[in-house]
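Working notes, structure below.
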Amino acid sequence: MKDRVSRRKFLGTASAAAVMPQLWASRQAVPFHAFLPEQAAPHVYPTRIVDMHVHFDEKKANFISDLLKLSERLNLTACLLTPFRNRKVVAEAAKQHPRQIVPFGFVDLDAPDVVQQAEELHAMGYRGLGEMEFVKKPYNDPSYFPLYELANRYGWIVLFHTGIVLREHFDEPEDVASGRMRPIYLEEIARRFPKITVLGAHCGNPEYEWAAEIARWNPNVFFDLSGSTLTKMHGRLAEFQKIFWWSATEWHSAEWNVRTPNNDPNAFIKIVFGSDTDLNEIESVANQYHAMFDACDVPERTRKMIMGGTLGKMLGLPD
């Protein structure tokens, strides 16, 4: 696995700074409320947030303790995406702090022993896999089906990177292509393996419409809005109403009322919260989500499901 780089930090590198406004060239977190009118305040989070997209950072010795402190302050549960080599330390932390940490295992889909790795993770109490990324073939390649069959048997949540992907080393060749990670490939996985809950990170950026339409017809497909999307669209967040358009219509999966949490007919119920950033920037991403909710008139009960209720029910987390 490549060393993790925050996508937000990546935008703050010298190469990105050359083409982005000075504000976004900073390596420091920029709270989203900096873009709101002066009288607006950061959102308050009285109910639990469940973050589907937190990467374990083995380079930070105090990562777990820092996460627990943040969890206490934000009322946060982190689905902690964990490299296989770090599986034991995160499994132990999850046992000690089950309300704050839910373990998810990162595996390389192209590794010859990937099925055996997944079996070991299941035995250790891991609840799913993610974030799948940097694959050598499209996600729906049959060579990956043995792992999906196992995940289907376990009824796991599997998080896939979808859409454009960062490039860390500009002067080195790499076998990486965003086209292998398009949201369209998740449709076949969701239909072939209906007991997997398929989550797409980044809502297919920039293929948002494909992502939403796949989620519309597949009750086991959801997406998060992590990454650059809510930043680049901060001045036109209401456009998400055109993407998630089918609220209060008959144009959705026949199983909608069976499989959708709380039988919520709002199209935005197909989104879950994911940050995919450093711990000190998670609150900024949460503020971005709430700005999108306001721009799109998302109902309060749907907001609560997006920010934690949906994942909480999927994972059987205590209230």
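A compact table of results
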quantity: Hits in segment 139-164 - residues which are part of a helix (DSSP H, G or I) and surrounded by 17 or more Cβ atoms within 10 Å (Cβ to Cβ); calculated: Tyr144, Leu147, Tyr148, Leu150, Ala151, Asn152, Tyr154
quantity: Segment 35-89: number of residues that are modelled with pLDDT under 95 and among the β-branched types (Val, Ile, Thr); calculated: 2
quantity: Failed item in (1) at pLDDT 95 or above; (2) within 24 Å of Asp113 (Cβ to Cβ); (3) exposed (fewer than 15 other Cβ atoms within 10 Å of the Cβ), with Asp175 passing the rest; calculated: (1)
quantity: Count - residues of segment 185-226 that are under 17 Å from Gly130 (Cβ atoms) and either touching a Pro at 6+ places or on another chain (Cβ under 7 Å) or part of a helix (DSSP H, G or I) (or both); calculated: 11
quantity: Qualifying positions in segment 152-184 - of a type in the set (A, V, I, L, M) and within 16 Å of Gly130 (Cα to Cα); calculated: Ile157, Val158, Leu159, Val165, Met181
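The values are calculated or read from the model by the stated rules, or taken from the named source; none is laboratory data. Bear in mind the structure is a predicted one, so any value in this text is a computation, not a measurement. Cβ sites come from the backbone with ideal geometry, for glycine too, and all protein chains shown count toward neighbours.
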